[in-house]
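Worksheet: the structure to be examined is printed underneath.
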There are 2 protein chains.
Amino acid sequence: MSTVQVVNEMLVTEGRALKHVQVREYVRTLVTGAAPGSPAPSERELVHRFGVARMTVRQAMDALVVEGLLERIPGRGTFVARPRRAPSRLTSFTEEMARRGLLAESQTLLARREQAGPGVARALNLTEGDAVIHWRRLRRADGQPMCLEDAYLNEVLIPGFLQSGMPTSLYDALDSRGLRPTWAEDSINADVASEEEAQHLDLPAGGPVLRHSRRGLAGEKVVEVSRTVYRADRYTIWLQVGAEG
Amino acid sequence: MSTVQVVNEMLVTEGRALKHVQVREYVRTLVTGAAPGSPAPSERELVHRFGVARMTVRQAMDALVVEGLLERIPGRGTFVARPRRAPSRLTSFTEEMARRGLLAESQTLLARREQAGPGVARALNLTEGDAVIHWRRLRRADGQPMCLEDAYLNEVLIPGFLQSGMPTSLYDALDSRGLRPTWAEDSINADVASEEEAQHLDLPAGGPVLRHSRRGLAGEKVVEVSRTVYRADRYTIWLQVGAEG
DNA sequence: CAGTGGTCTAGACCACAGT
DNA sequence: CTGTGGTCTAGACCACTGG
């Protein structure tokens, strides 16, 4: 599915809905929450119900099959598929700390509208000078300073974010807008703390730190760019790479 | 009309080839190796070439679009897509450097049979004292020291490894035995170099380094455990996390 | 303007499940 | 047997792109 299709659908919501989209969304509502293995309506039943051609119904069902929501069994019917893969959600700092049995706290040092600099603009697919939200937080785990995070958000995607009161978890906030990142491009390297960082993190200046940059994407949209500096003595990144886990 | 049906059956009995599969594979051969952005044949051109209905051609092209091989642009045509996903293979140091346009070199500092210590034994799913192969290498990129790697292999899985002459690439060697890791559990943190590490890496002692530990698995078997220390000023880890890239 | 992909129709025959 | 999905036809109109 291309960006163009998404645009089509958005235009359509303000006008007449495409038939295959109508059918698809009808089936989706029937299917979401249903137990794996439950039967979906048969293609010919949907043909009758919507008064459309069978190819149109198939186009609708095809999309759901590709999504992994449905499974076709020739000669038997179409059924709710069991989830293929664990939804590899990106974990937020809050979730990450919880997984380690630590209580995450967050202190906002900065939350304001800014003009995107060259680096942030490129990472967010914006033009230099475009409006971005800059959110700097000092994050603690069990009261100990753990990292200093600068997050940049595309203001166009998150209107009224600053006015709505800052949430505890950025990812939860994005989630409620349907913009939780599903994948990301990360880079990780080691460095020494700057004086400002050292002060915030309660480190000697020049002490070792771990730098983690993230470009978080929801679909094709870059929703978050962040740069985080961790105390090297308190934080280790764990991750699983590759498939077939 | 019945003529058409007869022709269909003849084709089917001859090659067992469905029409949309024929079209799909024809387009695939045209497309593999072509530069991203190259145009694929138009749908109507394929209709003429194969004498099939347009829906059949679309079914063929749909499959390639879902695969990520093709990209449709309404009003313009269908084009070779640029690869979406990161390679699911784990990349070796050699491949990693090649991707950055650097020449990887490797100097073996140690290659011998040892008894597994407690940490290595646990990571390799062995018992302390079991035989392991310990391979320590200093790795350079374009002549500059880049990292120091200690790899431990389960000797039972790789008999005669030390006698067969050390290969250039560990992953290639494992690959030839069908033991190339397909996934891994990694941990990454920042630290300062020990004196020995600093000497090898041509760093001042206490300089910042990136430590990367890996448990590489092929299926359910742990085939490799490694600990690598990188010069912080020369190495950054890049990775893509999550799905739907 | 001509060409492209996006959508849609109203049928058809097939192989295969289950009864 | 009936019903299912899998395949396929021969058209059609639309919105969009490019020259």
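Considering the stretch A:166-179, the residues that are in contact with a Phe, Trp or Tyr (Cβ under 9 Å, 6 or more places away or on another chain) and open to solvent by less than 20 Å² (accessible area, probe 1.4 Å) include one that is farthest from A:V223 (Cα to Cα), namely A:S169. Residues in the stretch A:110-127 that are closer than 23 Å to A:P167 by Cα and open to solvent by 60 Å² or more (accessible area, probe 1.4 Å): A:R112, A:R113, A:Q115. Taking the stretch A:139-159 as the range and being open to solvent by 10 Å² or more (accessible area, probe 1.4 Å), touching a His at 6+ places or on another chain (Cβ under 8 Å) and under 14 Å from A:S226 (Cβ atoms) as the test, the residues that pass are A:D150, A:Y152.
The set of residues from the stretch A:87-117 being within 14 Å of chain B (Cβ to nearest Cβ), in a loop (DSSP other than H, G, I, E, B) and farther than 30 Å from A:T127 by Cβ comprises A:P87, A:S88, A:R89, A:T91, A:R100.
The test for being more than 12 Å from DNA strand C (Cβ to nearest atom), open to solvent by less than 70 Å² (accessible area, probe 1.4 Å) and acidic (D, E) does not hold for B:E105.
Matching residues to (1) within 20 Å of A:G119 (Cβ to Cβ); (2) outside the structural domain of A:R136 (by TED's automatic domain parsing); (3) touching a residue at least 40 places away in the same chain (Cβ under 8 Å):
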{"residue": "A:S187", "(1), (2), (3)": "yes, no, no"}
{"residue": "A:E195", "(1), (2), (3)": "no, no, no"}
{"residue": "A:Q199", "(1), (2), (3)": "no, no, no"}
{"residue": "A:L210", "(1), (2), (3)": "yes, no, no"}
{"residue": "A:A218", "(1), (2), (3)": "no, no, yes"}
{"residue": "A:V225", "(1), (2), (3)": "yes, no, yes"}
{"residue": "A:W238", "(1), (2), (3)": "no, yes, no"}
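Please verify whether B:M61 is open to solvent by 80 Å² or more (accessible area, probe 1.4 Å) and modelled with pLDDT of 95 or more, treating the condition exactly as stated. Full working, then the answer.
On the way: open to solvent by 80 Å² or more (accessible area, probe 1.4 Å): no; modelled with pLDDT of 95 or more: yes.
Taking the combined requirement at face value, the residue does not satisfy it.
Quick check on the stretch A:157-169. Is at least one of its residues within 14 Å of chain B (Cβ to nearest Cβ) and either touching a strand residue (DSSP E or B) at 6+ places or on another chain (Cβ under 9 Å) or in contact (Cβ under 8 Å) with a residue 40 or more places away in the chain (or both)? No, the stretch A:157-169 contains no residue that is within 14 Å of chain B (Cβ to nearest Cβ) and either touching a strand residue (DSSP E or B) at 6+ places or on another chain (Cβ under 9 Å) or in contact (Cβ under 8 Å) with a residue 40 or more places away in the chain (or both).
The values are calculated or read from the model by the stated rules, or taken from the named source; none is laboratory data. Given the structure is predicted, the values throughout are model-derived calculations rather than measurements. Don't worry about glycine lacking a Cβ; one is built from the backbone with ideal geometry, like all the others, and counts go over all protein chains shown. What goes into the accessible areas is simple: the full protein's heavy atoms, side chains included, and nothing from ligands, DNA or RNA. Shrake-Rupley method; radii C 1.70, N 1.55, O 1.52, S 1.80 Å.
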